[in-house]
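This report refers to the structure that appears directly beneath it.
The values are calculated or read from the model by the stated rules, or taken from the named source; none is laboratory data. It should be emphasised that the depicted structure is a prediction, and the values quoted were computed from it without experimental measurement. Note: ideal-geometry Cβ built from the backbone for every residue, glycine included; neighbour counts use all protein chains shown.
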Amino acid sequence: MKRPAPLSETELARLRSRDRGTLAAVFKEANPVLVRVCAANGVDGTDAEDLIAQTWEVFFADLGRFEGRSALTTFLCGILFNKIREHRRARGRFVSEDDPEKIHARPFTEDGWWNEPPAPPDRLLELKDAGRLLADCLEGLTVPQRSAFLLREVDGEDAVTIGSVLDVTVEHLRVLLFRAKAKLRACLEGRGDVV
Amino acid sequence: MSNPFGMKCRDVVAALDTGEAEKGFTRVRVFSHLLLCHACRMYFKFSRFLSGAARALGREPHSSVDLRKLEERLLKSHSSEAAPPGGRR
């Protein structure tokens, strides 16, 4: 999947001058991603709009620091995640961020080989309307798992970027993604909408 | 299961999950491993299915946020120009 490119000097200059056309273009590119990040974190409607507006406020207040080397959406996601954390804190909605390691069966031996090799996904390949079913199954993931999965698979972000956005190490991110996929597989296999 | 190019199943899965498997020499190492390892090949097949399903979700967010209204709000706050009559679209 194509990753968003860093801004060129010209684009950056236009952004700094608050050129209306440039702003409209960057809003159009970045806002769907920001909305998706909000949705993945359980923030929707006017709450999401307010957090995204606050994110842009911070971005424009701090525009001098943005050098265009990182993709704009990546930079914005970093700000938005802080806003989402503040929002949760204010609402007292801190929940367990991830399942404890110990409740999961370990998929690999100490040496790094499979403990239980994955079954062939043949039944899944015959699922009707897999996208819609996946959307339902995503509800069963923890917020970090869902965010990591969507940023990786839908937005095509790389591991380092997602790690910095979610404020987790790449090692932790691997665990999040692996568990997310395991849960999604279990959910999809349990749907019974197989041909 | 042998260990071609020093990659174990855990490393291969991590590379597939994080996208490292698409880069440079890691790509060669991962695909060499996949040729020899049925279990990882099944994981790869599953991962590809999941990626396809995720793309089918589309890039449009499933949310009640009105993107057009949000864009207008942001342009009003941050644009150097006043909004043209009737908007841009």
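What the table shows:
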{"quantity": "Verdict on A:Phe60 being in a helix (DSSP H, G or I), modelled with pLDDT of 90 or more and more than 20 Å from B:Ser64 (Cα to Cα)", "calculated": "yes"}
{"quantity": "Criterion (more than 10 Å from chain B (Cβ to nearest Cβ) and surrounded by fewer than 20 Cβ atoms within 10 Å (Cβ to Cβ)) met by exactly one of A:Phe75, A:Phe60, A:Phe66", "calculated": "A:Phe66"}
{"quantity": "Filtered residues of the range A:13-36 (kept if touching a residue at least 40 places away in the same chain (Cβ under 8 Å) and either of a type in the set (Phe, Trp, Tyr) or within 18 Å of A:Gly78 (Cβ to Cβ) (or both))", "calculated": "A:Leu15, A:Val26, A:Glu29, A:Ala30, A:Val33, A:Leu34, A:Arg36"}
{"quantity": "Single residue of the range A:146-195 satisfying the filter (free of Cβ contacts under 8 Å to residues at least 12 places away in the same chain and more than 8 Å from every other protein chain (Cβ to nearest Cβ)) that is nearest to A:Phe81 (Cα to Cα)", "calculated": "A:Gly163"}
{"quantity": "Residue satisfying condition, being at pLDDT below 90 and more than 26 Å from A:Asp19 (Cβ to Cβ), within set B:Arg41, B:Arg55", "calculated": "B:Arg55"}
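Yes/no per residue for (1) at pLDDT 90 or above; (2) of a type in the set (Val, Ile, Thr); (3) closer than 20 Å to A:Arg36 by Cβ:
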position	(1), (2), (3)
A:Leu150	no, no, yes
A:Glu157	no, no, yes
A:Ile162	no, yes, yes
A:Leu166	no, no, yes
A:His172	yes, no, no
A:Leu176	yes, no, yes
A:Ala180	yes, no, yes
A:Leu184	yes, no, yes
A:Gly192	no, no, no
